[in-house]
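Input: a single structure, listed below in structure tokens.
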Amino acid sequence: MATVFPDFATISRLRTPATEGEFYILECLASNLSSDYEIFFNPFLDGDRPDNVILKKGCCVIIVEVKDWNLSSYNIDANNKWFIHNSAGKEVKIKSPMAQVFHYKNNIYNLHIPSLGYQNIINKNFYKIISPFVYFHNATVKDLNQIYSFAFETVRNDMAVLNKDRRNMGCDEKCQQEYENRYIFLKSKQYKLERDFYMSFCRENVDKFIRKVLKVGSKYDVLFDDSIYNDFKRRLSPSEWTGKQGIPIEFTKEQKKYIKSIKGERKRIRGVSGCGKSMILGARALDAYSQHKNVLILTFNLTLRNLIRDRLSYLNYHLYNNEIDVNRIEISNYHHFFVSKLNEYGIEPDEGLYDPNLYIKRNIFKGCEIEKYDSIFIDEIQDYEKEWIYIIRDYFLAKDGEMVLWGDFCQNIYNREVSLCEGNLLEDKSPPPADDFLFPRIDGFGRWFAMTKSLRSKNRFLPSMFYKFQKVFLLNKYKNIEFFDDSIGILTSDIFRCNVYNIDDVGWIAEDIDKMMRQYKFIPNDTTILSSQKKILEEIEEFFSTREKVLTTFITKSEKRRIDMMGCRSEMERKVNLLHMERAKKYGFNLNSGVIKISTIQSFKGMENKNIFCIFNKDDSLEIIYTAITRASVNLVVYIEHGSPYLDFFEKMNQESMQ
């Protein structure tokens, strides 16, 4: 018998119960598959919720989407598009179950299992590791044949007409090319229809489906090695956190004000870097989950997901004795959350996913029966557009739900509206959309609650320098900022250095960083190199990669060369491959990877490390510079380009550090 996660007793107690079809196919799979199969029911993949994911070590991954639909209400056209007949008798286009399961498959490569996504770009055979299927519980074999019959017949007729017309075509090259293009187009339509038809099963032929699963699982796949299997198992299973090396949690008096979840509360909290916002957010999210389970955490930065997940595991061990399944707390960034909900509710935007205005469309979820969240926590609120917050609040928050916003607008690196950061930010004065909201609008979140005590750095010099930078530069732009606590005075006990460079000195910078790391015996895992300029970081990475392993949030020069060697069919395919690879690297970024981290300042926002090397361009904004220097907890080394308006400040700080 296969192992099921969670067990059947737990599944029966879930807040959103399994449908009849979901429970039926789960029992069939569990009873017919051997113990070397593992079945994960409705796993949380940060917004994606496939019905079943089956693992067999060294062999395969299988995704099963389950639908309890009555297929008489649906039809499929020759373009493989699905339509449902609504109560008004009109046909409405929806996302097909097959498109949904392929969406899950693609997101596993591009988002959830970065190591697999990276390998797939280099070797397309990795895409075969995952096999998708769809199970229709209330359909028969006849129903499946009938719903596809019109589409198959249309394509066959179009092919027959094409072949008949060919006899009347001329023999010139243009006519031949027209025929070949049309033939390829029709064969592609036929392939996709057949693919989707043969991956669909129902209760009547469930034995055939089980045999298909066993056949897929019988083939050993050398590409599905232990490292990829372990990534899947870790991502799908409830997280485990031993905490043996952890320090007991001791929240400050200031932090304790915000760690309790309160039903219906709207609050916004801002604070200096290192004041513990992510730790407080995690504690509050766990408290919320202990009360009502349905909790969502949203960020802007893709790389923060793993950090927040680690925070939750750490807090879960110390505060709840690992009694909470932290994987049940959904963590996502806004854009991925938005797209995953479009997929979940079968919404296909008219202009596609690349529409620049898609993510601010206030009414796009109107009419959907949305399962609301009882608690929503948004980190990095200074990076959000106002419309994003309205969409999350108005469509995904329960009527009496709790919503808390966290931010530090000194880190406003995307130059959002200052009023969003400083004013009564969600007291929306604009008139509501013409359509009614699903529930009464929320007037606002009240005043900002401020946190000024940074716990990040035990080095007394760094908080003092951060305070001075705020006072000299940031106060001129942001009138109501939270200052670092400067009462500790100025004592130097660790390392601060400032070096001036020209744009052609990147090679020297890399050598100097390497020299300092060896001189001061910096541990690679405790060291991060930051810049806002990818070109500079690419040069730094190329230098260090010949000496030791590094982890980056961007695509390196060698990785670009490997992409180019693949011989992409078009520049668009190359760009898509590069986009997916960089996204996979950001999602897989891990602070405790054991190696030097090289990252853009934008991608490292919200994180920290013991030793930080910052390389500043003369055009870097004050928010970029403030964000970068406040990532350091002990040692900070700054390389600043000639012509920077902040050069004098850092040279003065350099002199003070040596006194």
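A few points about this structure:
- Breaking point among (1) in a strand (DSSP E or B); (2) of a type in the set (A, V, I, L, M); (3) in contact (Cβ under 8 Å) with a residue 60 or more places away in the chain; (4) open to solvent by 20 Å² or more (accessible area, probe 1.4 Å), for LEU551: (3)
- Filtered residues of segment 446-479 (kept if within 32 Å of the chain's Cα centre (by Cα), assigned to a loop (DSSP other than H, G, I, E, B) and modelled with pLDDT of 75 or more): GLY446, ARG447, LYS477, TYR478
- When we screen GLU194, GLU178 for residues that are of a type in the set (Asp, Glu), at pLDDT 90 or above and in a helix (DSSP H, G or I), the only hit is GLU194.
- Inspection of segment 412-433 identifies at least one residue that is within 24 Å of SER340 (Cα to Cα), open to solvent by less than 60 Å² (accessible area, probe 1.4 Å) and modelled with pLDDT under 90.
- Remark: pairs (first residue in segment 557-586, over 17 Å from LEU302 (Cβ atoms); second residue open to solvent by 70 Å² or more (accessible area, probe 1.4 Å) and of a type outside the set (Gly, Ala, Ser); Cβ separation under 9 Å; 6+ apart in sequence or on different chains) = LYS557/GLU539; MET566/LYS124; CYS568/LYS575; ARG574/ASP564.
- Test result for ARG518, of a type outside the set (Phe, Trp, Tyr) and in a loop (DSSP other than H, G, I, E, B): no
- For segment 270-310, a residue qualifies if it is more than 15 Å from the chain's Cα centre (by Cα), in a strand (DSSP E or B) and within 19 Å of GLU623 (Cα to Cα), and the qualifying residues are ARG270, GLY271.
- Of the residues making up segment 49-62, just one is surrounded by fewer than 22 Cβ atoms within 10 Å (Cβ to Cβ) and either within 20 Å of the chain's Cα centre (by Cα) or within 18 Å of SER332 (Cβ to Cβ) (or both), namely ARG49.
- Output for segment 614-636, where each listed residue is buried (at least 24 other Cβ atoms within 10 Å of the Cβ) and farther than 21 Å from ASN412 by Cα: LEU636
- Candidate set from segment 377-410 (those that are under 13 Å from ARG266 (Cβ atoms) and within 16 Å of the chain's Cα centre (by Cα)); member that is surrounded by the fewest Cβ atoms within 10 Å (Cβ to Cβ): ILE378
- Conditions (1) within 14 Å of SER200 (Cβ to Cβ); (2) surrounded by fewer than 19 Cβ atoms within 10 Å (Cβ to Cβ); (3) not basic (Lys, Arg): number failed by GLU65: (2)
- In segment 255-272, the residues that are touching a residue at least 12 places away in the same chain (Cβ under 8 Å) form Cβ pairs under 6 Å with partners that are part of a strand (DSSP E or B) and aromatic (Phe, Trp, Tyr), at six or more places apart or across chains, as follows: ARG268/TRP448; ILE269/TRP406; ILE269/PHE449; ARG270/TRP448.
- Scanning segment 312-340 for residues that are in a loop (DSSP other than H, G, I, E, B) and at negative phi turns up GLU323, ILE324, ASP325, ILE329.
- One residue stands out in segment 9-34 among those that are charged (D, E, K, R) and without any contact (Cβ under 8 Å) to a residue 40 or more places away in the chain: the one that is surrounded by the most Cβ atoms within 10 Å (Cβ to Cβ), namely GLU27.
- Those residues of segment 643-659 which are free of Cβ contacts under 8 Å to residues at least 40 places away in the same chain, part of a helix (DSSP H, G or I) and either open to solvent by less than 70 Å² (accessible area, probe 1.4 Å) or within 16 Å of VAL472 (Cα to Cα) (or both), in sequence order: ASP648, LYS652
The values are calculated or read from the model by the stated rules, or taken from the named source; none is laboratory data. Predicted model, so just to flag it, every value in this text is computed and none were measured. A quick note on method: Cβ atoms are made from the backbone with ideal geometry, for glycine too, and the neighbour counts reach across all protein chains shown. These area figures cover heavy atoms from the full protein model, side chains too; ligands, DNA and RNA do not enter into them. Shrake-Rupley method; radii C 1.70, N 1.55, O 1.52, S 1.80 Å.
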